[in-house]
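Novice: The structure that follows is given in the form of C-alpha cells.
The values are calculated or read from the model by the stated rules, or taken from the named source; none is laboratory data. The shown structure was predicted, so the numbers you read here are calculated from the model rather than taken from an experiment. In this analysis, Cβ positions are derived from the backbone assuming ideal geometry, glycine residues included, and neighbour counts consider all displayed protein chains.
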Amino acid sequence: MTDPNFYQPPSEDPSSSPTPGYDSLMPNGWVPCPNCGSTHVEMPSFTWWGGAVGQKLLNHVKCQDCSYTYNAKTGKSNTTAIVIYQVVALVIVLGLFYALGLLG
Ligand SMILES: [Zn+2]
C-alpha cells in the first residue's frame, strides 16, 4: 500500500537567493559584517592560529569597525573551522614528525 503522493518534496522557490539577507555583497564577493553591517572589512595578513595561510583557506576576515571576525563567504563564525584547522594542522605536524622518525 504505497501512496505516490505520500512523499512531497519541500516546496522551495528556485529563484530565491541562496544566501537570503546578503543581497549586497562587497565588490570582492565578501559578506558585509554580520555584526554591524560594515563593509570596512579586511583579511588579516597573519593569525595566531593559522599563520599566514589559515585565514585565506577559511576566508577569515575581521571587521575594522567592531573587530568581529567571521567567514567572508558565509557571514558565519569561523570558530568551528578554526578548531578543525588547528586539529588538522596538528595531525599533519605529528604525521611529519612520525614520518621523519621512521626515515631517520
Ligand atoms: Zn562589524
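Novice: Quick one: which of G21, G37 is modelled with pLDDT of 90 or more and not charged (D, E, K, R)?
Specialist: Testing whether each residue is modelled with pLDDT of 90 or more and not charged (D, E, K, R) leaves just G37.
Novice: Determine whether Y98 is at pLDDT 95 or above and on the phi < 0 side of the Ramachandran plot. Step through it out loud before you land on a result.
Specialist: On the way: at pLDDT 95 or above: no; on the phi < 0 side of the Ramachandran plot: yes.
Here the answer is no, as Y98 does not meet what is asked.
Novice: Tell me which residues, restricted to the range 36-62, are in contact with a Cys (Cβ under 6 Å, 6 or more places away or on another chain) and either outside any strand (DSSP E or B) or within 15 Å of T79 (Cα to Cα) (or both).
Specialist: Answer for the range 36-62, where residues must be in contact with a Cys (Cβ under 6 Å, 6 or more places away or on another chain) and either outside any strand (DSSP E or B) or within 15 Å of T79 (Cα to Cα) (or both): C36, S38.
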